[in-house]
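Enquirer: Quick one: this structure, given as structure tokens, is what I'll be asking you about.
Derivation of every value follows stated rules applied to the coordinates shown; laboratory data play no part. Values in this document were obtained by computation on a predicted structure and should not be read as measured data. Here the Cβ is made from the backbone with ideal geometry for all residues, glycine too, and neighbour counts use every protein chain on show.
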Amino acid sequence: MAILLDGKKAALGIKEEIKKDVLLLKEKGKGVPVLACISVGADPASCVYIKSQSLAARELGIGYSLISLKEDITQEDLIAEVARLNTDKGVHAIIIQSPLPKNVNVEEVSSCILPSKDAEGMHPENLGRLLLGQGSIAPCTAAACMELLRRYKIKLYGKEVVIVGHSNIVGKPLSMMMLRGFATTTVCHIATSEAHQLESHVRRAEILIVAVGKPGLIKGDWIEEGAVVLDVGINRAEGRIVGDVEFDAASKKAAYITPVPGGVGPLTVTMLMHNTLRLFEGYLVS
Ligand code: NAP
């Protein structure tokens, strides 16, 4: 049976480190990091994420400011709000909570956040730095996957890594981070499935990371004996939360596997706090 990659336990370790660093800065009279979250409308899933952000911030001594805007806000007004936060010296990191209303172009609005306040690491400049192997701000879920592997001392060098899903927030940045770790990296997407090649790629994976959002997409018997499986997917199926991988069958073949929930998820909000602290440290030396 596979060893569970426990995201909650890994998150505790990172939180302790963040808490210590925040306290030290406070004691030195440098102030505390402040994260501002812009939320539009009242999407139920967003409300859950916002609550967990605010709880994590409070636990770590990080300031948290929620800016709740009405569903019918225009893109222009939303950009004006971002611009206001960009110039606010009391705010060191900004996140725009997804989803945004259909009339708003998420990428256009997100790219208005100053790179030096970009808590999610999604600004084109920060993504460019990630590609070049520079800087310390990376998209939170991709960073969460890397951190989980690091905490369990799973080596990347020379490994066959297969990532399923090539979204801007998970698959693409993660592929860059894997290359930086000298893993031989394959990225699969919808066309891989349509070409009936998904199974053959998954079967080769020594480390498999799946971020698609389709329950049961990855069959348990596709998993290589002794593989490491990170299931990023979060799906509601038959009244419970499941990932994209058939967990029971996969855990009989894998050496390590993430549970869903309790795997990558708990680390994602922790990496948001980690990014907030790094941005604050950057602000202090600017
Ligand atoms: P997304 O933007 O919808 O991306 C999904 C990706 O999967 C796309 O690259 C898509 O390819 C690919 N895909 C779709 N069907 C496929 C198939 N049959 N075979 C292979 N690839 C396929 O989603 P996301 O935002 O990356 O999120 C993915 C999942 O992770 C969701 O379940 C989400 O809830 C979860 N998630 C979890 C966390 C966490 O903290 N644990 C954070 C973020 C997201 P094309 O674009 O080519 O169609």
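Enquirer: Based on the Cα atoms of segment 140-265, what semi-axes does the equivalent ellipsoid have, where each is the square root of 5 times one gyration tensor eigenvalue, given in whole Å with the largest first? Let's see the in-between values first.
Expert: Numbers: eigenvalues 73, 52, 45 Å².
In descending order the semi-axes read 19, 16, 15 Å.
Enquirer: Additional query: Quick one: longest stretch of the chain between exposed loop chymotrypsin sites (Phe, Trp or Tyr not before Pro), exposed meaning at most 16 other C-beta atoms within 10 Å and loop per DSSP? Let's see the in-between values first.
Expert: Numbers: sites that count: Tyr152, Tyr157, Phe182.
In the chain, the maximal stretch lacking such sites is 1-151.
Enquirer: State to the nearest 20 debye the size of the charge dipole of the chain about its Cα centre, where the only charges are +1 on K and R beta carbons and -1 on D and E beta carbons. Could you put the intermediate results ahead of the total?
Expert: Details: 32 positive and 32 negative charges, 192 e Å.
Using Cβ point charges on Lys, Arg, Asp and Glu, the chain gives about 920 debye.
Enquirer: Would you mind working out the magnitude of the charge dipole of segment 192-286 relative to its Cα centre, with +1 at each Lys and Arg C-beta and -1 at each Asp and Glu C-beta, to the nearest 20 Debye?
Expert: Taking the Cα centre of segment 192-286 as origin, the dipole is about 180 debye.
Enquirer: Angle between the Cα long axis of helix 171-180 and the longest principal axis of the chain, 0 to 90 degrees, nearest 10?
Expert: Orientation of helix 171-180: about 80 degrees from the principal axis.
Enquirer: Over segment 7-94, what is the relative contact order in whole percent, taking alpha-carbon pairs under 8 Å and six or more residues apart? Walk me through the numbers on the way to the answer.
Expert: On the way: 79 pairs, mean separation 33.3, N = 88.
Computed value for segment 7-94: 38 percent relative contact order.
Enquirer: Of the chain, which part is the longest with no GluC sites (Glu not before Pro) in a loop (DSSP not H, G, I, E, B) and with at most 13 other C-beta atoms within 10 angstrom?
Expert: Here the longest segment lacking exposed loop sites spans 72-224.
Enquirer: Can you tell me what the convex hull of the Cα atoms of segment 1-157 projects to on average, as an area in nm²?
Expert: 11.4 nm²
Enquirer: A further question on this structure: For the chain, what is the calculated [θ] at 222 nm in deg cm²/dmol (nearest 500), taking -39500 (n - 2.57) for each run of four or more DSSP H residues and dividing by its residue count?
Expert: -13500 deg cm²/dmol
Enquirer: Run through every distinct alpha carbon pair of segment 30-115 and return the Kirkwood hydrodynamic radius in angstroms, one decimal place.
Expert: 13.3 Å
Enquirer: Which residue, chosen from Ala211, His196, Thr185, occupies the Cα position most advanced towards the positive end of the dipole of segment 117-248, where the dipole is computed from +1 (Lys, Arg) and -1 (Asp, Glu) charges on Cβ about the Cα centre?
Expert: Positive-end residue among those listed: Thr185.
Enquirer: Going down the table (Lys19/Lys89; Lys70/Lys102; Lys26/Lys89), which pairs top 19 Å between alpha carbons?
Expert: Details: Lys19/Lys89 22 Å; Lys70/Lys102 13 Å; Lys26/Lys89 17 Å.
From the list (Lys19/Lys89; Lys70/Lys102; Lys26/Lys89), the Cα-Cα distance tops 19 Å for Lys19/Lys89.
Enquirer: A further question follows. Over 23 Å between C-alpha atoms is what I'm after, so list which of Lys15/Lys253; Lys155/Lys252; Lys51/Lys219; Lys159/Lys219 land there. Don't skip to the answer; put the middle values down first.
Expert: On the way: Lys15/Lys253 32 Å; Lys155/Lys252 21 Å; Lys51/Lys219 34 Å; Lys159/Lys219 21 Å.
In this structure, Lys15/Lys253; Lys51/Lys219 exceed 23 Å between Cα atoms.
Enquirer: Could you grab the Rg to Rh ratio for the chain? Cα atoms only, Kirkwood for Rh.
Expert: Here the Rg-to-Rh quotient is 0.97.
Enquirer: Could you state the number of Å between the C-alpha centres of segment 120-179 and segment 41-59?
Expert: 24 Å
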